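The values are calculated or read from the model by the stated rules, or taken from the named source; none is laboratory data. These numbers were taken from a predicted model, which means no experiment stands behind them. Note that we place each Cβ from the backbone using ideal geometry, even for glycine, and neighbour counts take in every protein chain shown.
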Amino acid sequence: MKARAFDYIRPATVAEALAAFAEAEGDASYIAGGQSLIPALALRLQAPARLIDIGHIAALRGIAVEDGWLRLGALTRHVEAHDHPLIAVHAPLLALAAPYVAHPAIRNRGTLGGSVALADPASEFPAMMLAMAAEIEIVGAEGTRRVPADAFFQDLYQTALEPGELLAALHIPVARPEQRCAFDEIARRRGDYALVGCGIRLTMPRDRVEEAHIAFLAVGPTPMRAPAAEAALIGARLDAEAIRRAQAALARDLDPPEDGEVPPAMRLHLARVLLGRLLGRLQDQIAEAA
C-alpha cells in the first residue's frame, strides 16, 4: 500500500508552519522525525492532503538550562536524550530511559517532541515526562502556553494539543542533588514494546522520602502516574516494608485493559515486580552512599 498524494511544505518558521496548517483547513499533518507518521501514511491510517515538514525550524531546536528548567526543543533527537551531557546531568531519568527506546536507527531520527505529541501509552518518553513533572510548551495561532504533563495526556493518543497547534519544547525541572531516579522495563526482547515499564524520581533530602514521582508505561490508555504508591512512600524510610506497601498500593493505581496480548492481572503483577525491583535498586544506592 502507498500513501495518498499530498502537498509537501517545508516552512522555515513556526509562524509559517501554523499558517500552512490553517490554509489546509485542518487537512494537514506536521512531520519531523517521521518514525510514526511515515508508517501510518504508508498504511493509509492517516491520509492528510498536506504534509508540513517542521524539521528545519530553528526555533524548535536547542537544549539549554533556563531559570531552573532544562528546555528541550521539540526537534531534540532520541539519540541526544541518550548521550547529551546536559540531559545526563539535569534530566538523568530521561537518559536512563533512552537506551530502551526502539533501536539505534529509530533513535537517530525520532524526536522527543514527536514521541510526546503522539502520546503512545507504551512509549518511554511520554511516561518520563510524568515522572519528571515536565511541562509541555505549545504554540498555536493564539500564542504560547505551557501545560503540565499531568494535564497533557488525556486519553488514548489524545493530548492537550488542539488541531493546528505545535509542540514547541519540553521543560523539565533540573535535577537536584537530593533526588534519585531509576528506570527499567520488561519486554520480550530489547527494543520491543515493553510489557510494562516504570520510571521513578524520589526526593530524599535526609533519610526519608519527601516527594515521589512514579510513572508507568504500557499499563493503560495513557502514561500513568501511581499516586497511591507514591503516597505509600512519602514520609517513610525506603526499606522493605515501605516497598511492600507501595507495591500493594498499585492495585488502586493501575487497571490494565484487555488487549489480547497479556492478561490484565499479569500486567499488574509485572508492574508490582518492576516497582519492587526499582525501589530495591534505589535502596541499595542509598545504602552504598551512607
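Remarks
Here is a yes/no grid of residues against (1) polar (S, T, N, Q); (2) under 26 Å from the mean Cα position of the chain (by Cα):
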site: PHE21; (1), (2): no, yes
site: ALA24; (1), (2): no, no
site: SER36; (1), (2): yes, yes
site: ALA49; (1), (2): no, no
site: ARG71; (1), (2): no, yes
site: HIS78; (1), (2): no, yes
site: ALA81; (1), (2): no, yes
site: ALA88; (1), (2): no, yes
site: LEU94; (1), (2): no, yes
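- Taking the stretch 265-290 as the range and being of a type outside the set (S, T, N, Q) and at pLDDT below 95 as the test, the residues that pass are ASP284, ILE286, ALA287, GLU288, ALA289, ALA290.
- The conditions of being surrounded by 24 or more Cβ atoms within 10 Å (Cβ to Cβ), under 11 Å from the mean Cα position of the chain (by Cα), outside any loop (DSSP other than H, G, I, E, B) and assigned by TED's automatic domain parsing to the domain that holds PRO85 are met by LEU130.
- Residue check, LEU161 modelled with pLDDT of 95 or more and over 13 Å from the mean Cα position of the chain (by Cα): yes
- In the stretch 162-179, the qualifying residues are those that are part of a loop (DSSP other than H, G, I, E, B) and out of contact with any helix residue (DSSP H, G or I) (no Cβ under 9 Å at 6 or more places or on another chain), and the one that is surrounded by the fewest Cβ atoms within 10 Å (Cβ to Cβ) is PRO177.
- Scanning the stretch 262-290 for residues that are free of Cβ contacts under 8 Å to residues at least 60 places away in the same chain, more than 12 Å from VAL219 (Cα to Cα) and among the charged types (D, E, K, R) yields ASP284, GLU288.
- Hits in the stretch 137-161 - residues which are part of a strand (DSSP E or B) and under 22 Å from ILE106 (Cβ atoms): PHE153, THR159
- Some residue of the stretch 104-119 being aliphatic (A, V, I, L, M), within 14 Å of THR222 (Cα to Cα), in contact (Cβ under 8 Å) with a residue 60 or more places away in the chain and surrounded by 20 or more Cβ atoms within 10 Å (Cβ to Cβ): yes
- Looking across the stretch 67-76 at every residue that is surrounded by fewer than 21 Cβ atoms within 10 Å (Cβ to Cβ) and out of contact with any His (no Cβ under 9 Å at 6 or more places or on another chain), the one that is nearest to PRO173 (Cα to Cα) is identified as GLY68.
- Inclusion of VAL219 among residues that are outside the structural domain of SER115 (by TED's automatic domain parsing), part of a loop (DSSP other than H, G, I, E, B) and among the β-branched types (Val, Ile, Thr) is warranted.
- Failed condition for GLY62, given (1) surrounded by 16 or more Cβ atoms within 10 Å (Cβ to Cβ); (2) in contact with a Gly (Cβ under 9 Å, 6 or more places away or on another chain): (1)
- Residues that are in contact with an Asp or Glu (Cβ under 7 Å, 6 or more places away or on another chain) and more than 20 Å from LEU254 (Cα to Cα), drawn from the stretch 264-282: none
- Sole residue being in contact with a Lys or Arg (Cβ under 6 Å, 6 or more places away or on another chain), closer than 14 Å to THR111 by Cβ, in contact (Cβ under 8 Å) with a residue 40 or more places away in the chain and outside the structural domain of GLY140 (by TED's automatic domain parsing), chosen from GLY33, GLY73: GLY33
- Within the stretch 180-213, tally of residues that are among the aromatic types (Phe, Trp, Tyr) and part of a loop (DSSP other than H, G, I, E, B): 1
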